[in-house]
Amino acid sequence: MNFDPFDFKNALPVINEDSEFFPLMSTEDEEEMNNEEMPEVLSILPLRNTVLFPGVVIPITVGRDKSIKLIRDANKGNRMIGVVSQQDVGIEDPNFDQLNKIGTIALIIKMLQMPDGNTTVIIQGKKRFILKEEVQSEPYIKATVEPFREIKAKEDKEFKAMVSSIKDMAMNIIQLSPNIPSEAGIAIRNIESTSFLINFISSNMNADMTAKQRLLEVANLRERANMVLEHLTLDLQMLELKNQIQTKVRVDLDKQQRDYFLNQQLKTIQEELGGNSPDLEIDSLRQRAVKKKWGKEVKDHFAKELEKLARTNPAAADYSVQINYLELLLDLPWNEFTKDNFDLKRAQKVLDKDHFGLDKVKQRIIEYLAVLKLKHDMKAPILCLVGPPGVGKTSLGKSIAKALGRKYVRMALGGIRDEAEIRGHRKTYIGAMPGRIIQSVKKAGAANPVFILDEIDKVGNDFRGDPSSALLEVLDPEQNSTFYDHYVEMDFDLSNVMFIATANSLSSIQPALLDRMEIIEVNGYTIEEKIEIAKQHLLPKQREAHGLKLKDVSLKTDILEKLIVDYTRESGVRSLEKKIGSVVRGVAKNIAMEEEYNPAVTKKDIEKILGAPIFDKDLYEGNDVAGVVTGLAWTSVGGDILFIEASLSPGKGRLTLTGSLGDVMKESVTIALAYLRAHANYFDINPKLFDLWDVHVHVPAGATPKDGPSAGVTMLTALVSAFTQRKVKPNLAMTGEITLRGRVLAVGGIKEKILAAKRANIKEIILCKSNQKDILEIKEDYIKDLSFHYVTDMRDVIGLALLKEKVSDPLDLTVKEDEKAIAN
């Protein structure tokens, strides 16, 4: 609504020209006004920008000469004029045909001469009329008129409700609009006449002149009220929407201003306390970036992210995330390398000093260092050290880093199931952080550390991804120069990192991952090697850990051998170190309690401290019984010997297997028995025995699961021994896989098996001829007391393993008696 303050004070008929306050039109006033006679001819005043409604008082400024003369002449007479709006507001001097045909009789209330020379006239509408014919056009328009017939509305409930809605809506508009004074509401509340209320609101509402003229021309009051209600509804909706927008903008601006002032105060407080304000933090990051050796791509990316930080509100949650990200970029060693030490002799000494044995690994490291010395841009090798626990795989990484003069980092992969542990999380996640590869390189502070990936065979996978697949890029020399971490969002060069993976078994490593690594087997130690390791490393380490000096305790070679043989059963030296620690603690207790003791520990002292021996020195059980054969096995803790027992009992030729055997081992027994049936005549066995005797094969230590093909030759030898009743040679063991044709195939874990045989006092070992190369890799000192037989066929095995004489046995007699019984 476009209310004018003047309208509210002077909205009604005025008798006295000098009156300053005009009362609102009452119903009586309206009836009196309608009963007044209408002149036949009226002077016509064209209005350009407004429409006059009956009863409404409006001021108009008269500017045209014709209009000024008309006002002056009428003011001198009866003050009655006809007011009609123009059809086209752009016409300066409209003629009769360019005026609307419905107008309003107006009474001139007051005429004012303004200081600027214009004339302002206050007029009040009386009643509507219809223009008929033009009487004159000069000096102003005069025309004949006739009354406009108005159809009164029936005062029913619906009409009253409509009028009440119009009034309420008008009041709401007045409250919502800041440009409408509160007096407008007072005027509307005090209007009694329904038609005048509609006219008053029609005159002042926010509508164009065409819409107002259309309202003026509506004869039916109910219809006109309905049209006014539609206009007010639209006007109210627009005002509410405008207020919502303004309120929202105002709230946003208020919050921004509040945050700005608070941040300025916080900045001042931080500066007073000596802390870093956001500006100082950004300047500090920028200064650190100047010293970095990164490439153009990383430099541009950092600058872009720094600008983003500068635009971020310090109170926003993203600010700390962005700060952490930029600090990570600065902390990463982009193109920062430690200088390698190319003194090969020194490197060899460092490796030899820290680890006894492991010649193959040491040789590979020296080779790498030699090539790097000649060709400085060589990519680092990806090594995988495979061997039983406790042989020094992990600690070897530290020695390599020390020998090369590089930083050392270790990452334990055991139990990792989330791919994000390797590649990191995207920054969009709450609590996102880089992967452990990037974190470890950051911790190292150099782009070429020795990086130990410990227990790579223990990596798991589940619904969160497969970490071993993520490691494919890390461990590929052709790809890791552009390793992409989800958090860093930039390629990082890992090609200079020397990755060394450790594993106990290759069977659980993904084939594609295995193909990317150079496998180096780290086998178990012999008793001689363990004695040297104990002397050079374990005993000095335990002395230092328990605060003892060299003179306080000493362990001679025979004592160390007793510890190794009687109290440990392992490929590595972890258990041995614990036992030495127990002995050293016993000595430390004697010193602390000031008791007398012998610094040179004796076997009696060992048994007193550690108790009775845990393991028997010689596990070999002899060859007193036919059907018992010693085999060689590989375990996760090194090699071991096992016994295959075969026995026969009267029956129907059934085969029974016991001893927690796996599927592969069971199949080996089935193959051995099938081969023996097929070649019974060669081994001088009556074929009918297989149907008259049940066969039972057992492998002791029944609670321990066993599997694998390497016991095939042992199974067949035990069966042949049982059926022929020829005993096995003493102090003999064997290992190898067999086929249905009797071929002997190569197996793995040879070194561990040979060392286990030597510990058990085995003298002769039967192997597949293809395993001869594995024996050549073992030091001669370790196998000087062993005799090896290399075979390709099971007949050779039986010829070497079984003694010629038989044990007295009734098997043949049983066959003869059974034949007689069948004949009778």
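Annotations
- Each distinct pair of alpha carbons in the stretch 124-222 adds a 1/r term; the inverse of their mean, the Kirkwood radius, is 15.8 Å.
- With both labels modelled 7 Å from their Cα along Cα-to-Cβ, the Asn324 to Ser481 distance reads 3.3 nm.
- Counting only protein heavy atoms and a probe of 1.4 Å, the accessible surface of the chain is 50% carbon and sulfur.
- Compared with the dominant Cα axis of the chain, that is its longest principal axis, helix 663-678 is turned about 40°.
- Against the chain, whose longest principal axis is taken from its Cα atoms, helix 574-592 shows a tilt of about 80°.
- Spatially, the stretch 497-539 and the stretch 100-146 are offset by 113 Å when compared through their Cα centroids.
- The GluC sites (Glu not before Pro) of the stretch 304-382 include none that meets both criteria, a DSSP state outside H, G, I, E and B (loop) and at most 11 other C-beta atoms within 10 angstrom of the site's C-beta.
- Taking every protein chain into account, the 1.4 Å probe leaves Arg743 with about 100 Å² of accessible area, to the nearest ten.
- Using the rule -39500 (n - 2.57) for each DSSP H run of four or more residues, divided by the residues of the chain, the 222 nm mean residue ellipticity is -13500 deg cm²/dmol.
- Computed from the alpha carbon positions, the gyration tensor of the stretch 73-185 leads to an equivalent ellipsoid with semi-axes of 32, 23, 15 Å, biggest first.
- Neighbour count of at most 10 Cβ within 10 Å plus DSSP loop: longest chymotrypsin sites (Phe, Trp or Tyr not before Pro)-free window in the chain: 22-462
- Spin-label model, Ser469 to Tyr260: label points 7 Å out along the Cα-to-beta-carbon direction sit 5.2 nm apart.
- Unsatisfied cross-links (Cα-Cα over 22 Å) in the set Lys393/Lys442; Lys291/Lys427; Lys126/Lys212; Lys339/Lys541; Lys353/Lys375: Lys393/Lys442; Lys291/Lys427; Lys339/Lys541; Lys353/Lys375
- The alpha carbon centroids of the stretch 48-76 and the stretch 663-698 are separated by 132 Å.
- Considering all C-alpha pairs of the stretch 671-751, those separated by over 14 Å amount to 67%.
- Full-extension gain in nm, Arg149 to Ala432, via 0.36 nm per residue minus C-alpha separation: 93.8 nm
- Whole-percent P(r), the chain, all Cα pairs, 10 Å bins from 0: 2, 9, 12, 11, 9, 8, 6, 6, 5, 5, 6, 7, 7, 5, 2, 1, 0.
- Full extension of the chain between Asp116 and Thr602 gives 161.9 nm of extra length, using 0.36 nm per residue less the Cα-Cα distance.
- Loop trypsin sites (Lys or Arg not before Pro), the stretch 574-617, which have at most 14 other Cβ atoms in a 10 Å radius of their Cβ (DSSP): Lys617
- Using alpha-carbon coordinates, inclination of helix 317-331 to the longest axis of the chain, degrees: 40
- Across the stretch 407-507 the C-alpha pair distances fall into 5 Å bins from zero in the proportions 3, 14, 23, 27, 21, 10, 3, 0 percent.
- For the stretch 486-591, the set of GluC sites (Glu not before Pro) satisfying both a DSSP loop assignment and a count of at most 16 other C-beta atoms within 10 Å is given as Glu489.
- Rolling a 1.4 Å probe across all protein chains gives Asp300 an accessible area of roughly 80 Å².
- Accessible area in the full protein assembly, largest first, 1.4 Å probe, for Leu107, Leu42: Leu107, Leu42
- Antiparallel DSSP beta bridges within the chain, as percent of all bridges there, nearest 5: 55
- On full extension, the segment bounded by Ala412 and Val625 gains 71.7 nm, given 0.36 nm per residue less the C-alpha separation.
- The Rg/Rh ratio for the stretch 581-719 is 1.25, where Rg is the radius of gyration of the alpha carbons and Rh is the Kirkwood radius.
- A 1.4 Å probe run over the protein chains yields, for the chain, 51 Å² of accessible area per residue, whole-number rounding.
The values are calculated or read from the model by the stated rules, or taken from the named source; none is laboratory data. Predicted, not measured: the structure shown is a model, and the values here were computed from it. Backbone-built Cβ (ideal geometry, glycine too); neighbour counts: all protein chains shown. The area values use the complete protein model at the heavy-atom level, side chains included, leaving out ligands, DNA and RNA. Shrake-Rupley method; radii C 1.70, N 1.55, O 1.52, S 1.80 Å.
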